[in-house]
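Please treat every number below as a calculation from the coordinates, not as lab data. The model shown is predicted, which means the values in this text are computed figures rather than measured ones. When we count neighbours, we look across all protein chains shown, and the Cβ atoms used for this are built from the backbone with ideal geometry, even at glycine.
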Amino acid sequence: MGTGKRIILFSAVVGLALALIFTAYLLASRKAGEDIRLAGDRQLQIIALDLDSVLERYETLPYSVAYLPLAAQVLATPHDPVLLHELNLTLQDLQQQAKVESIYLMDQDGNTLASSNWDGAISYVGRNFGFRPYFIESIKANGVGGATGHFYAIGNSTNIPGYFISQAVYPLGSKRGAAKPVGVIAVKISLNAFEQAWRSSEEPIALADRHGVVFLSNRAAWQYRSLRLLDQAVQQRLLETLQYADKRIAPISALPKTERAGFGEYLARPIGRLGWQLMLFPNQAKVQRAGVQAALIALLLLVLLAAFCGAYYQRRRRLEEGRAAQLALSHAADELEQKIAQRTLELTLGNERLAAQLDKLRETDNLLRSSQNEMVQTGKLAMLGQMAAGITHELNQPLTAIRAFADNAGVFLARGNSAQASANLQHISDASARMGSIIGQLKGFARKSAETLTVVDVPKAIFAAAALLRSEFERHGVALELRLTEPVSVLGDSIRMEQVLINLLRNAIDAMITIDTSETTETIEVAQPAALKEVMVLLEQDAQWAIIRIIDTGTGLPDQVIAHLFEPFFTTKASGHGLGLGLAISSSIVQAMGGSLTAVNRPLGGAEFVVRIPLYIL
Ligand code: ADP
């Protein structure tokens, strides 16, 4: 949401809240106003009833008294002291019984002839009340009506305010209303008791006359003050009748603030016969207080609502956040699962690929192995071809010699030279022996290796080979040292293993002996005898291999020899001394066992042939 929108929303909410608070204030104050008015009305009604009943109760009192024959007699003979005294006593008795302020009789001029307070500190007797409106009203009765007079005033002689009810008194013997009144009976009632009763009321209560002059109130300061400013004529009249003695009536609003407190709107009811108004001034502060209270409650409720809304919003937001987090989590989990699934698939595929590759590799390996076997065999066949050529060459020479010796022997025999013939036969025998040895060498080569392999005890094979060549070593003065410390086993054919070792040992001997050149027709190289003629056989092993080192102190291996060392029919030896097959055959045997045959020159002279064959591990 944009800031502008937020501000608008915020103002709307605040405006609404203010409107609500104001409405609460209005409603509450109106309600309080109504309540107070109702209560006031009720109170007013009660007071009015009370007041009216009091006023009405005494309404007939002067009426009855006016009927007293004594009153008419006194009016007829006003100077009879006995009658006067009797009337005075009667009025006093009536006054005490009726519990009124006073009862008194005036003649037609308003002079008081008899009174209940005749013997009191202030006696009405002898006083003239002819100016009082109630007297005038009663004395003016014309027989049709108006014989009753009413008035409220501050007592002229007593200074005590009271309500006056008067009644015309007619002459003795004349019918009421048939003659002119000869006097007036008046009853004065005090309303001070009401004033006392109203004191308990919080609200101002006032009783005002028809001019609006308050003459009775529970607010002392309001007494004899007007609700509004009186006009001059009214003021004048009041003074004339001495209704409120000689008081000048000022409006209540002119009072100092503390004294006029509570003056304002009022409830009113008419009372009595004089146009009075009973007024109650409801407490406006109460109304306002109720309004303010309601507004405060509304404010509190709004604050609570806002707090609640805030909390709810927060909670919802937290829930939403939680839900979002959960969603994100489950998304992440899904993603992870997917990734894992994908990765697993990839791995599975990779694995399958690897397995396939491994299978292929195995296949290739098998193929290689079989082809290697084939090749070994094929190599042998190839060698056989070469060998055939070699053998032809090798055998051809002694064969030619044999034929020549045989031809010559025939000639010698024919000549009778038997000694020469016999010598020739010896030569033939030697030559055929040589041919036999050549053929003997070929026998081993032609034999195919056994298919079934056995465990070959390598030290044992070495001992066997050394034992076979013992006489050779001794004859040529070559020392043989065997260092065979460990028991080592390989898989293969022990006979062929021995054959390899014999070949290598014989070559070592050959490399250290002086070849008698006189016996040979072609000598390629003359081996220089080493100062020390020694052959050493070392047997070692590492994690995988059995390693046999055959070390001699012979001529060593020139570069051009090393290059062709393992080729069939490569030899540096004189014809008849070597076919050049030994190393070729040995290498192929070792390879057939899964191993290798290599050769190096020793740093201090001599050659070292190394046979490596895979260890047979139980
Ligand atoms: P032959 O022994 O019949 O010559 P080989 O294949 O056994 O055939 O050997 C080939 C050649 O390798 C030999 O003629 C010789 O020159 C060389 N040779 C073999 N063994 C040794 C050795 N221990 N020291 C020096 N030269 C060697």
Packing-ranked peptide list from 38-44, 410-416, highest mean Cβ count within 10 angstrom first, is 38-44, 410-416
Along principal axes, largest first, the alpha-carbon spread of the stretch 1-129 in whole Å comes out as 109, 25, 23
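Check each of the trypsin sites (Lys or Arg not before Pro) in the stretch 295-338 and keep only those in coil by DSSP with at most 12 other C-beta atoms within 10 angstrom; list them in order.
Filter output for the stretch 295-338: empty list.
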Once both label points are put 7 Å beyond Cα along the C-beta direction, the LEU413-VAL292 separation in nm becomes 17.1 nm
A student asked for the Cα radius of gyration and Dmax of the stretch 162-319 in angstrom ought to give 27.3, 107
ASN601 neighbourhood, Cβ < 15 Å, K/R = +1, D/E = -1, net charge -1
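Report the gain in length on full extension from GLU321 to ALA543: 0.36 nm times residue separation, minus Cα-Cα distance, nm rounded to one decimal.
73.5 nm
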Once Lys and Arg are counted +1 and Asp and Glu -1 for all other residues with Cβ under 14 Å from that of ALA341, the total becomes -2
The chain: relative contact order from alpha carbon pairs under 8 Å, six or more residues apart, as a whole percent, is 9 percent
Here the membrane-span-like helices of the chain, with no claim about any membrane, defined by DSSP H, Cα axial extent at least 18 Å and mean Kyte-Doolittle at least -0.5, are 3-57, 81-98, 284-414, 418-446, 494-510
Neighbour-count ranking for ASP231, ASP35 (other C-beta within 10 angstrom, fewest to most) reads ASP231, ASP35
The correct pair for the chain, radius of gyration to one decimal and Dmax as a whole number, both in Å and from Cα atoms, is 82.6, 247
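Between beta-carbons, use under 15 Å as the cut-off and find the net charge around ARG323, counting Lys and Arg +1, Asp and Glu -1.
Counting the neighbours of ARG323, the net charge comes to +2.
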Too long for a 22 Å Cα-Cα cut-off, among LYS99/LYS247; LYS140/LYS247; LYS188/LYS247; LYS99/LYS188; LYS31/LYS286, are LYS99/LYS247; LYS140/LYS247
Under the helix-only model (-39500 (n - 2.57) for each DSSP H run of 4 or more, divided by the residues of the chain), the mean residue ellipticity at 222 nm, to 500 deg cm²/dmol, is -18000 deg cm²/dmol
Answer check: the stretch 60-167, Cα atoms, Kirkwood Rh, Rg/Rh ratio of 0.93
Within the stretch 175-284, DSSP-loop GluC sites (Glu not before Pro) with at most 16 other C-beta atoms within 10 Å are GLU202, GLU259, GLU265
Under 20 Å by backbone N from the virtual spin label 7 Å along Cα-to-Cβ at GLN357, the residues of the stretch 316-343 are 343
